[in-house]
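What follows is one structure encoded as structure tokens, with my remarks underneath.
The values are calculated or read from the model by the stated rules, or taken from the named source; none is laboratory data. It should be emphasised that the depicted structure is a prediction, and the values quoted were computed from it without experimental measurement. No Cβ is skipped: glycine too gets one built from the backbone with ideal geometry, and neighbour counts run over all protein chains shown. Quick note on the areas: whole protein, heavy atoms, side chains included, nothing else; ligands and nucleic acids left out. Shrake-Rupley method; radii C 1.70, N 1.55, O 1.52, S 1.80 Å.
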Amino acid sequence: MKIMYVDISTDGHHLIYLNSLLRAASRESFAVVPECAGEVQGRCRKIATPAIRSLSGYRKWMRELKNIASEEQPKVVHFLDGDSIMRYFGMGLGQFTHSKIVITFHHLFPGKLREISMKKMLKQADAGVFHTETIAEKVGSFGCKNAVCISYPCFLNSPIQSEQGYQNKPPILLALGGTRYDKGLDILLDALKSVTQPFRLIVAGKEETFDRAYIEKQTDSYHDQVELKLHFLSEEEVLECLQRSDIIVLPYRKVFDGASGPMCEGIYLGKTIVGPGHGSLGRLIKEYHVGYTFESENVKALSECLDKALKEPFLYDEVAKKQQRELNPEMFQKRYQQLYQRI
């Protein structure tokens, strides 16, 4: 079956996600990505970097995609980042008359307009893919009967691990990923001022909302316990940080509702997860028995939760180990292949 994979970027996890799907697809399947794209492991057609933040740029991009689809005649056109085109309410999706449409969304953003956009997009699609059951069920409540869940996998080049206890004394906390506002690094840094248990902290990822100067100022009272790696991390660096750590901390704000790469990777490696109790993240942590939750955006609650986690490693049971197996990329590939066959 020929699949046409479409993405507007190959930065970060975009390329890893795309390449994983291409490795499991037929040889005739291919990707359509920007000219500046990284190394795609499969057949690839590169087009001018789409300026989709403007309506004219979006329309031009859609015309190019239509021309490629008309030439290639794929069975499925799969948009790998539906979040990035929500502002256009599904405009242009109806032109792929000879192909099935799959759209993957990575987050659920609040707001009535976004709900309307998602409904319009999925009305023209054959399936909308979400990475948590919570979000798929929420979208289903909008009346979208074609919302399905395929768990976001762990792409690390590492076997599943089930650690018992912490490897470091004191335990190492890890805040992994870009320092965006919605990921709540400021909440974590504030909470750590009141933590009574010994700890060390690694902050690793690209400087975004919170820069080095801000982080150093907020951690001044415990600066000798902090290690900063404030740059875009290679796959090898991500794995090294995860393997060195004991506890993965997700201080995400309520506006964030979606799958978390650091959480998936942490679960795969058997780490204790500390995350907010809201939305998909809270449900996953509780249902999969992988760690502790705290009241979202509550500094005191996070501080108390960290004290508990630092004293008591969360030991994985059979429920947690089953979820680790679900995070295998081969399972992820299989789920998508089954979806393509089904629609």
When N is the residue count of segment 74-186, what does its C-alpha Rg come to as a fraction of 2.2 N^0.38 Å? 1.37
Report the number of Lys pairs in segment 131-209 whose alpha-carbons are under 26 Å apart, with separation of 8 or more residues or on distinct chains. 5
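Work out, in µm²/s and without decimals, the Stokes-Einstein translational diffusion coefficient of segment 129-195 at 10 °C, 1.306 mPa s, Rh from Kirkwood over C-alpha pairs.
It comes out at roughly 99 µm²/s.
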Among the aspartates and glutamates, which have Cα under 15 Å from the Cα of Lys311 when same-chain residues fewer than 8 positions away are ignored? Asp246
In sequence order, calculated HN-Hα J values of segment 318-328 (Karplus, 6.51, -1.76, 1.60; Hz; x Gly/Pro): 5, 5, 5, 5, 5, 5, 4, 5, 5, 7, 5
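Could you sort Asp81, Asp246 by their accessible area in this structure, using a 1.4 Å probe and putting the largest first?
On the way: Asp81 25, Asp246 5 Å².
The residues order as Asp81, Asp246, largest area first.
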The chain: most fluctuating residue of Val249, Val274, Val40 per GNM, C-alpha cutoff 10 Å: Val40
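Assuming R0 = 56 Å, what is the FRET efficiency of Gln225 and Gln124, from their Cβ-Cβ distance, to the nearest 0.05? Each step should come with its number before you reach the end.
Details: r = 52 Å, r/R0 = 0.93.
Taking R0 as 56 Å, the efficiency between Gln225 and Gln124 is 0.60.
Over segment 291-343, what portion of Cα pair distances is larger than 18 Å, expressed as a whole percent? Numbers along the way, then the final one.
On the way: 805 of 1378 pairs.
Cα-Cα pairs in segment 291-343 separated by more than 18 Å: 58 percent.
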Shape parameters for segment 1-151, alpha-carbon atoms, Rg then Dmax in Å: 14.6, 41
Does anything in segment 102-118 have its amide N under 17 Å from the 7 Å Cα→Cβ label point of Arg87, and if so which residues? 109-118
Remind me, relative contact order of segment 196-295 in percent, using alpha carbon pairs under 8 angstrom and six or more residues apart? 21 percent
Determine the relative contact order of the chain: mean sequence separation of Cα pairs under 8 Å and six or more apart, normalised by residue count, in whole percent. 15 percent
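Percent of accessible area on the chain owned by carbon and sulfur, 1.4 Å probe?
Summing carbon and sulfur atoms, their accessible area is 48 percent of the total for the chain.
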Grab the DSSP H runs of the chain that are 4 residues or longer, score each as -39,500 (n - 2.57), total them, divide by all residues and round the 222 nm result to the nearest 500 deg cm²/dmol. -11500 deg cm²/dmol
Given points 7 Å out from each Cα along the Cα-Cβ axis, report the Leu239 to Glu216 separation in nanometres with one decimal. 3.2 nm
Just one of (1) 168; (2) 158; (3) 129 is volume of the Cα convex hull per residue in Å³ as worked out from the coordinates here. Which one is it? (3)
At 10 °C and 1.306 mPa s, what whole-number value in µm²/s does Stokes-Einstein give for the translational diffusion of segment 240-298, with Rh from the Kirkwood sum over Cα pairs? 141 µm²/s
Going toward the positive end of the dipole of the chain, with +1 on Lys and Arg Cβ and -1 on Asp and Glu Cβ, which of Ala320, Ile343, Ile3 do you reach last? Ile343
From the protein chains alone at 1.4 Å, what is the descending order of accessible area for Ser151, Ser221, largest first? Ser221, Ser151
Counting only heavy atoms of the protein chains, get the accessible area per residue of segment 266-315 (1.4 Å probe) and round it to a whole Å² value. 36 Å²
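At a 1.4 Å probe radius, which order do Ile116, Ile135 fall into by accessible area, largest first? Present the calculation step by step, with values, prior to reporting the outcome.
Values: Ile116 65, Ile135 5 Å².
The ordering from most to least exposed comes out as Ile116, Ile135.
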Global size of segment 20-78 as Cα Rg and Dmax, reported in angstrom: 12.2, 35
Using amide H atoms built 1.01 Å from N in the peptide plane, name the residues 5+ places from Thr10, or on other chains, whose amide H lies under 5 Å from its own. Gly38
Per-residue counts of other Cβ atoms within 10 Å, averaged by peptide: what ranking do you get for 281-289, 263-271, 166-174, highest first? 263-271, 281-289, 166-174
Stretch gain in nm, segment Thr209-Gln95, where the contour uses 0.36 nm per residue and the Cα spacing is subtracted: 37.2 nm
Just to verify a number: what accessible area does Arg63 come out at with the full protein assembly present, 1.4 Å probe, Å² rounded to tens? 140 Å²
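In terms of the Cα gyration tensor, with a ≥ b ≥ c the square roots of its eigenvalues, is segment 250-343 rounded because a/c is under 1.5, prolate because a/b exceeds b/c, or oblate? Present the calculation step by step, with values, prior to reporting the outcome.
Numbers: a/c = 3.08, a/b = 1.69, b/c = 1.83.
It is oblate, given that a/c is not under 1.5 and a/b is not larger than b/c.
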